[in-house]
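To start, I am sharing the structure in question, which I have written as structure tokens.
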Amino acid sequence: MWLLDPIDGTTNYVHGLPHFSISLAISINKEICYGAIYAPAYKELFYSTRGKGAWLKDLNGKKSRIEENIPIVTDVLSKTHGVRRHGSAALDLAFVSAGRVEGYWELYIDWWGIAAGLLLVEEAGGKYFIINSKSNKNKRNFSKLTLATLATNGQNDIHQYMEKLLRIKLAK
């Protein structure tokens, strides 16, 4: 199955902000095997093949649910250096894989915006988890929004804290 988001970060794109991307992943038997995220404004291509690592090629030559995120942001802000929301799930995940940010979470997101980025995170040594619904945890269903998506750079303390926090907040 091909999972394509032709403009991830559409609002940023429409408003002339450079943080948007094109995200493409290929799933074989419900396993994400190939992923690529291209950030045209930055001229960067992030790509990965399962079992082969994650890569960044520098081509320069060298729906918001704010009210549901507020309690999570509040808890995270009290324990971190800050929260950044750029507006492109795919590119945010690429930044986690490149070590530019420690983690990423999003509530209610389509798979085409995250599939390639999740593979990048995993192949770069990071971790992720998906909750598809309150009763169907961690099962991949590419036709439904995820209830929650979390990806981190692999530091256990950050990942465990964020996973626990999301599970508590979503159980309410």
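Just so you know, all these numbers are worked out from the coordinates, no wet-lab data involved. These figures come from a predicted structure and were not determined experimentally. Note that each Cβ is placed from the backbone with ideal geometry, even for glycine, and that neighbours are counted across all protein chains shown.
Using only the Cα atoms, work out Rg/Rh for segment 1-43, with Rh taken as the Kirkwood radius, to two decimals.
On the way: Rg = 12.0 Å, Rh = 11.0 Å.
Expressed as Rg/Rh, it is 1.09.
Which FRET efficiency value, to the nearest 0.05, do you get for Lys169 and Trp55 by plugging their Cβ-Cβ distance into 1/(1 + (r/R0)^6) with R0 = 30 Å? Each step should come with its number before you reach the end.
Working: r = 34 Å, r/R0 = 1.13.
It comes out at approximately 0.30.
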